[in-house]
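Read-outs: derived from the displayed coordinates by stated rules, not from any lab. Everything quoted here is computed from the prediction, not taken from an experiment.
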Amino acid sequence: MTNKMANQSLLLLLLTLCTIAAYTQKHSSRFKVIAFYTGKNDQAHISFAAEAHQWFANMANQHNFTYDTTTNWNNLNSTFLARYKVVVFLDTRPETASQRQAFEQYMRQGGAWLGFHFAAFALTPSDFPQNWNWYHDEFLGCGQYVSNTWRPTSAILRVEDSTHPATARLPVTFKSSPNEWYRWQHDIRNNPNISILLSIDAASFPLGTGPKQHEIWHSGYYPVAWTNKNYKMVYMNMGHNDIDYENKTNKTLSHTFANTMQNRFVLNSLLWLAGQPATE
């Protein structure tokens, strides 16, 4: 073989290796996400979780990450969690001491978490009592659930921190998908560790259409999405679809992810948690 042929062969080999490396980099997942859920309890939460799976799977295909799901909350252990960059709670929180300890350790060691709606719920007495101080008082900062609007309805949301990557390319205010909005025990504005990202804008009032007066908000300050500066986390109150309870059909009447601006906030939050830049 002549030197010229050898050089051509070497160049071809290098080009092939570069092509393989570029293909591998393009098609390998940038990060992995695991979503914990029960798929039980309220039909609105079941509907939301099913919708979330489809939306996150679509986003995973478009933005090159892996989206896995599990209903086995015993997977909240150090070995399993070490595989994932971001943990998502879709419809509740862990209940056993070992699950809670594993999650707290994961977060304290730099793990990332995205929580929706019922993931923050706690009320004593109820089937979900406030018996986890680190999670509700320190990590989330909001304490117990106090009340909610009814029925699920859209609200005008205001961006409270326009400098945060989660709110990139969002207008100052935007209309949300219908949701059941929660009020909390603690005023997180007084917590220096909490950075509020979104809140209910005053233009939303009165908010709620229920027959009971306490189910309609006429004034006040209500944060709906925030992060704790000591952890890589975002909680958002969205995650309760409207359901046809009255006719007992359990038909879904609204869709959380049928909202461009709100979806942008969710995706921005996820990418920030994974250490990735927001989408253009």
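Counting alpha carbon pairs within less than 8 Å and at least 6 residues apart, what relative contact order, in whole percent, applies to segment 33-77? Across segment 33-77, relative contact order equals 57 percent.
Which values, in whole Å and largest first, are the semi-axes of the equivalent ellipsoid of segment 204-250 obtained as the square root of 5 times each eigenvalue of the Cα gyration tensor? If you can, show how the numbers build up before the last one.
Working: eigenvalues 158, 67, 8 Å².
Values for segment 204-250, descending: 28, 18, 6 Å.
How would you classify segment 112-215 from its alpha-carbon gyration tensor, with a ≥ b ≥ c the square roots of the eigenvalues: rounded for a/c under 1.5, else prolate if a/b is greater than b/c, otherwise oblate? Don't jump to the answer; show the numbers that get you there.
Working: a/c = 2.01, a/b = 1.10, b/c = 1.83.
Oblate, because a/c is 1.5 or more while a/b does not exceed b/c.
Here is the link list: Lys32/Lys175; Lys40/Lys248; Lys32/Lys251; Lys175/Lys251; Lys40/Lys251; Lys212/Lys251. Which ones come out longer than 27 Å on Cα distance? Numbers along the way, then the final one.
Numbers: Lys32/Lys175 30 Å; Lys40/Lys248 17 Å; Lys32/Lys251 32 Å; Lys175/Lys251 23 Å; Lys40/Lys251 16 Å; Lys212/Lys251 23 Å.
Beyond 27 Å: Lys32/Lys175; Lys32/Lys251.
What the phi angles of segment 97-111 give under the Karplus curve with 6.51, -1.76 and 1.60, with θ = phi - 60°, is a coupling list of 4, 5, 5, 5, 5, 5, 5, 4, 4, 4, 6, 5, 9, x, x Hz, glycine and proline written as x. Remark: the Cα gyration tensor places segment 166-280 in the oblate category, a/c being 1.5 or greater and a/b not exceeding b/c. Derived scalar couplings between HN and Hα for segment 171-181 equal x, 4, 9, 7, 8, 7, 6, x, 7, 8, 8 Hz in order, rounded to whole Hz, by the Karplus curve 6.51 cos²θ - 1.76 cosθ + 1.60 (θ = phi - 60°), x for Gly and Pro.
Checking a compactness column here: for segment 30-273, what do you get for Rg(Cα) / (2.2 N^0.38 Å), N being the number of residues? Before the final figure, lay out each step's value.
Details: Rg = 16.9 Å, N = 244, 2.2 N^0.38 = 17.8 Å.
With N residues counted in segment 30-273, Rg over 2.2 N^0.38 Å equals 0.95.
For segment 225-279, the C-alpha radius of gyration sits at 1.49 times the compact-globule guess of 2.2 N^0.38 Å, with N the residue count. Report summary: the helix-based calculation at 222 nm, which adds -39500 (n - 2.57) for every DSSP H run with n ≥ 4 and divides by the residues of the chain, gives -9000 deg cm²/dmol.
Roughly what % of DSSP beta bridges within the chain run antiparallel, to the nearest 5?
Approximately 50 percent, going by the DSSP bridge assignments.
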